[in-house]
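Peer 1: Got a structure for you, questions after.
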Amino acid sequence: MKPQAAPLVVRTALREAFAELRVAGVPSHTLAAELLLMHVLGRDRTWLYAHPEKEISARDAENYLALIRRRAAGEPTQHLTGKQEFWGLELEVTPDVLIPRPETEHVIEVALDRLGVREKHGGRPQRPDGAVLQIADIGTGSGCIAIALAKELPAAGFVATDISSAALAVARRNATRHGVAGRIHFLECNLLDGLSGSPLATRHSPLLFDLIVSNPPYVGRREVATLMREVREHEPEVALYGGEEGYELYAGLIAQAASHLKPGGILVLELGHNSLPAVQPLLDSSTWTNVSVTNDLAGIPRVHSAERL
Ligand SMILES: C[S@@+](CC[C@H](N)C(=O)[O-])C[C@H]1O[C@@H](n2cnc3c(N)ncnc32)[C@H](O)[C@@H]1O
């Protein structure tokens, strides 16, 4: 897109942006151009296509041009708009957090399924003893998993950990925005290490969970060349890489989950595209039962879940 002499109208702005992003090899370039114009004008997609001849102010045209250039240079659309939808919730995202992915919604589906919430919607109580569910989200990032579950389970209490204080600041803002901050205790620590020193648990009454969920970093450093530049150059390394192979964090995660789940408690883990062979043997039958694997829409084993004996 060139700076314009004549006033720019919506149709021309979109056409030029489509062309610039396509030439730059931006994936889903049409959608990116639309989302960025929607962001600049504060309008929805229907409005854009209903007003193709509407003039864009010089200031908006300049802002749009700047965003299209940044997108063409590889910055993710979500970093430019500052938001991403997850489970129907609009979440703030910054370069400090992983941009929530659609496949992570399978973690929510599996967790809700396994908690029997869908039956509850059919008339059964959330828990037969009426106790409040305690849930931990390890590596919460933007907070997407904990916040989506908190919206679905209005009586549940949460601990959400992350090793990144910058990510936790974003997660806290997202929780506040969605009215669930009062039920999520955010903790900066490695996996669940911080629990023992926290006022949430004492030596005499350790905090045990009904559900532990996690989407840990699972990309292998040896795979770095295969990542899209949007991911490789713009998303936080600590959120992407699990180690040289990618699956290195699962052993510690599963061991900690075993000691922090109640008997009958549920573990739900997101898997990397090739993590299953390394993770499956860790859910051994002396500790875990009802182990299952759920594929994502692309047919990739994406979610591993199990029940603590
Ligand atoms: C793949 S991202 C997932 C973020 C978010 N839960 C989601 O699903 O979009 C992994 C997150 O785990 C955090 N993390 C990495 N290593 C960790 C560790 N050892 N303990 C706790 N959190 C960790 C990262 O900072 C990052 O926010």
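Peer 1: Can you say whether G252 is assigned to a helix (DSSP H, G or I), of a type in the set (G, A, S), modelled with pLDDT under 95 and within 13 Å of the ligand (Cβ to nearest atom), as far as the supplied structure shows?
Peer 2: Judged against the criteria, G252 is not a match.
Peer 1: Please pick out the residue among R222, R183 that is out of contact with any Phe, Trp or Tyr (no Cβ under 8 Å at 6 or more places or on another chain), among the basic types (K, R), under 28 Å from Q78 (Cβ atoms) and more than 13 Å from the ligand (Cβ to nearest atom).
Peer 2: R222
Peer 1: Oh, and also: Name the one entry in E230, E244, E237, E223 that is in contact with a Lys or Arg (Cβ under 6 Å, 6 or more places away or on another chain) and of a type in the set (D, E).
Peer 2: Answer to the check: E244.
Peer 1: Can I ask one more? Going through segment 57-107 one residue at a time, which ones are over 16 Å from A24 (Cβ atoms) and of a type in the set (K, R)?
Peer 2: Selection gives R59, K83, R101.
Peer 1: Among the residues of segment 71-113, what is the count of those that are in a loop (DSSP other than H, G, I, E, B) and either touching a His at 6+ places or on another chain (Cβ under 8 Å) or near the ligand (Cβ under 10 Å from one of its atoms) (or both)?
Peer 2: 12
Peer 1: A further question follows. State which residue pairs qualify: first residue assigned to a helix (DSSP H, G or I) and inside segment 270-290, second residue hydroxyl-bearing (S, T, Y) and within 16 Å of the ligand (Cβ to nearest atom) in any location, beta carbons under 8 Å apart, and separation of 6 or more residues or different chains.
Peer 2: Qualifying pairs under 8 Å: A278/Y247; A278/Y250; V279/Y247; V279/Y250; L282/Y250.
Peer 1: Which residues, counting only those in segment 163-177, are touching a residue at least 24 places away in the same chain (Cβ under 8 Å) and within 15 Å of the ligand (Cβ to nearest atom)?
Peer 2: Within segment 163-177, I163, S164, A166, A167, L168, A169, V170, A171, R172, R173, N174, A175 meet the criteria.
Peer 1: A258 is checked against (1) assigned to a helix (DSSP H, G or I); (2) more than 15 Å from the ligand (Cβ to nearest atom); (3) surrounded by fewer than 18 Cβ atoms within 10 Å (Cβ to Cβ) and fails just one. What number does that condition carry?
Peer 2: Failing condition for A258: (3).
Peer 1: What number of residues within segment 22-51 are outside any helix (DSSP H, G or I) and under 21 Å from G74 (Cβ atoms)?
Peer 2: Within segment 22-51, residues that are outside any helix (DSSP H, G or I) and under 21 Å from G74 (Cβ atoms) number 5.
The values are calculated or read from the model by the stated rules, or taken from the named source; none is laboratory data. Predicted model only: the values in this text are computed from it and were never measured. When we count neighbours, we look across all protein chains shown, and the Cβ atoms used for this are built from the backbone with ideal geometry, even at glycine.
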